[in-house]
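Reviewing the structure listed below.
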């Protein structure tokens, strides 16, 4: 059977993007199965697990990138650095 | 000792497959489209962040987003208090109770496009009861020409369609309050307002949060009803986010910008849903 996937219009950049998210999810699954997560209370005043913190990191990063596009325009390399710092801060303090 | 069984995860496999086909694969495709340009025939050209840059800096998107927030804000400040007010005055026993419940449920059973059609005809000054009556009273009303009239029509239409959902949820919350609370309030000589403020409102809080969340999300994604009534006009005055998105994707066939638009729209909904979900679950935890 010839499975034509051209309608999905894959590019290596988007494949890498989804691959990175899938890898993060797999790492999270392995991590939480080896060491069951204990929800912790962070600076937001809500209990979060590592999975919650990954979600907050990804969602926040998306808005950091949109904000950077709005205020400064492309390219987004500095925004990407800000996203990494933001994700580290979320995993440390949220 | 092993306290849980991983085999249960196999039970969710069908749902995972279904969600993959109905949501994940389309979402991946939209992400792929958002960084490319196409003229059809499955030919795509790399555009990078161009469409996202165009959307977040576009006045058209800002205007539609502003109109969307205004619409959602207006219907929430009307529907939530009105729904609570109706629930407080609905009969709790006797023949009036089932009659009220059926009447309140009726608007919820009507499909969105039918609601739009009803209000489109209802508001016409030549054959519609509302438009004709307003004209007889000497009130200038034309939802196809006047921005205020168009907004008033779509707001009243949404209130008519969805307030009963809030009322029914609030009513269910009120029914769950044990009579002992009211008896205690009577013994203490509590006023009607004190009963509402200190007994009914706190007990309704969970259902009202659900009602608020449902109405917020639904109104933020609304498309059919305002599209059928005003088509986004006059001009672009009632062009909400979803109407603008459909115009861009299907009307103009700008798949790249429309995909970037959808993703920004999706991210806003995701953020707000997460905020509401977090607030709701934390309030529940505090109550426990």
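For the range B:123-180, a tally of residues being assigned to a loop (DSSP other than H, G, I, E, B), under 28 Å from residue B:85 (Cβ atoms) and free of Cβ contacts under 8 Å to residues at least 24 places away in the same chain returns 5.
Looking at this structure, is residue B:22 over 30 Å from residue B:249 (Cβ atoms) and away from chain A (no Cβ under 11 Å)? No; evaluated as a whole, the condition is false for this residue. If I filter the range A:38-46 for residues that are more than 30 Å from residue B:39 (Cα to Cα), part of a helix (DSSP H, G or I) and out of contact with any strand residue (DSSP E or B) (no Cβ under 7 Å at 6 or more places or on another chain), do I get at least one hit? Among the residues of the range A:38-46, not one is more than 30 Å from residue B:39 (Cα to Cα), part of a helix (DSSP H, G or I) and out of contact with any strand residue (DSSP E or B) (no Cβ under 7 Å at 6 or more places or on another chain), which makes the answer no. Being more than 19 Å from the chain's Cα centre (by Cα) and exposed (fewer than 14 other Cβ atoms within 10 Å of the Cβ): is that true of residue B:247 here? No: the conditions fail for residue B:247.
Based on this model, can you work out whether residue A:78 counts as within 9 Å of chain B (Cβ to nearest Cβ) and part of a helix (DSSP H, G or I)? First the steps, then the outcome.
On the way: within 9 Å of chain B (Cβ to nearest Cβ): no; part of a helix (DSSP H, G or I): yes.
Criteria not met by residue A:78.
Checked against the criterion of being crowded, with 16+ Cβ neighbours inside 10 Å, within 30 Å of residue B:131 (Cβ to Cβ) and in contact (Cβ under 8 Å) with a residue 40 or more places away in the chain, the candidates B:208, B:240 yield just one match: B:240. State whether the residues of the range A:23-33 include one that is assigned to a loop (DSSP other than H, G, I, E, B), more than 8 Å from every other protein chain (Cβ to nearest Cβ) and surrounded by 13 or more Cβ atoms within 10 Å (Cβ to Cβ). Within the range A:23-33 (the criterion being assigned to a loop (DSSP other than H, G, I, E, B), more than 8 Å from every other protein chain (Cβ to nearest Cβ) and surrounded by 13 or more Cβ atoms within 10 Å (Cβ to Cβ)), the answer is no, since none of the residues qualifies. Of all the criteria given as (1) surrounded by 10 or more Cβ atoms within 10 Å (Cβ to Cβ); (2) out of contact with any helix residue (DSSP H, G or I) (no Cβ under 9 Å at 6 or more places or on another chain); (3) within 29 Å of residue B:158 (Cα to Cα), the one not satisfied by residue B:63 is (2).
Restricted to helices (runs of 4 or more DSSP H) entirely inside the range B:198-288, those with at least 1 residues that are modelled with pLDDT under 95 and touching a strand residue (DSSP E or B) at 6+ places or on another chain (Cβ under 7 Å) are B:255-287.
Based on this model, can you work out whether residue B:120 counts as out of contact with any strand residue (DSSP E or B) (no Cβ under 9 Å at 6 or more places or on another chain) and crowded, with 18+ Cβ neighbours inside 10 Å?
Numbers: out of contact with any strand residue (DSSP E or B) (no Cβ under 9 Å at 6 or more places or on another chain): yes; crowded, with 18+ Cβ neighbours inside 10 Å: yes.
Yes.
Can you confirm whether residue A:49 is free of Cβ contacts under 8 Å to residues at least 24 places away in the same chain, under 15 Å from the mean Cα position of the chain (by Cα) and more than 14 Å from chain B (Cβ to nearest Cβ)? In short, no.
The selection criterion, being more than 14 Å from chain A (Cβ to nearest Cβ) and surrounded by 20 or more Cβ atoms within 10 Å (Cβ to Cβ), does not hold for residue B:92.
Restrict the check to the range B:50-59 and report whether at least one residue is in a loop (DSSP other than H, G, I, E, B) and within 14 Å of chain A (Cβ to nearest Cβ). Yes, the conditions are met somewhere in the range B:50-59. The condition of being surrounded by 15 or more Cβ atoms within 10 Å (Cβ to Cβ), modelled with pLDDT under 90 and in contact with a helix residue (DSSP H, G or I) (Cβ under 8 Å, 6 or more places away or on another chain) holds for residue A:42.
The residue that is farthest from residue A:4 (Cα to Cα), counting only those in the range B:25-44 that are assigned to a helix (DSSP H, G or I) and within 7 Å of another protein chain (Cβ to nearest Cβ), is B:31. Scanning the range B:265-284 for residues that are at the interface with chain A (Cβ under 10 Å from one of its Cβ atoms) and over 18 Å from the mean Cα position of the chain (by Cα) turns up B:278, B:279, B:281, B:282. Within the set A:55, A:63, A:18, the sole residue that is free of Cβ contacts under 8 Å to residues at least 12 places away in the same chain, within 10 Å of chain B (Cβ to nearest Cβ), in a helix (DSSP H, G or I) and under 29 Å from residue B:39 (Cα atoms) turns out to be A:18.
The values are calculated or read from the model by the stated rules, or taken from the named source; none is laboratory data. This one's a predicted model, so the numbers in the text were calculated from it and none came from an experiment. Here Cβ is always computed from backbone atoms with ideal geometry, including for glycine, and neighbour counts include all displayed protein chains.
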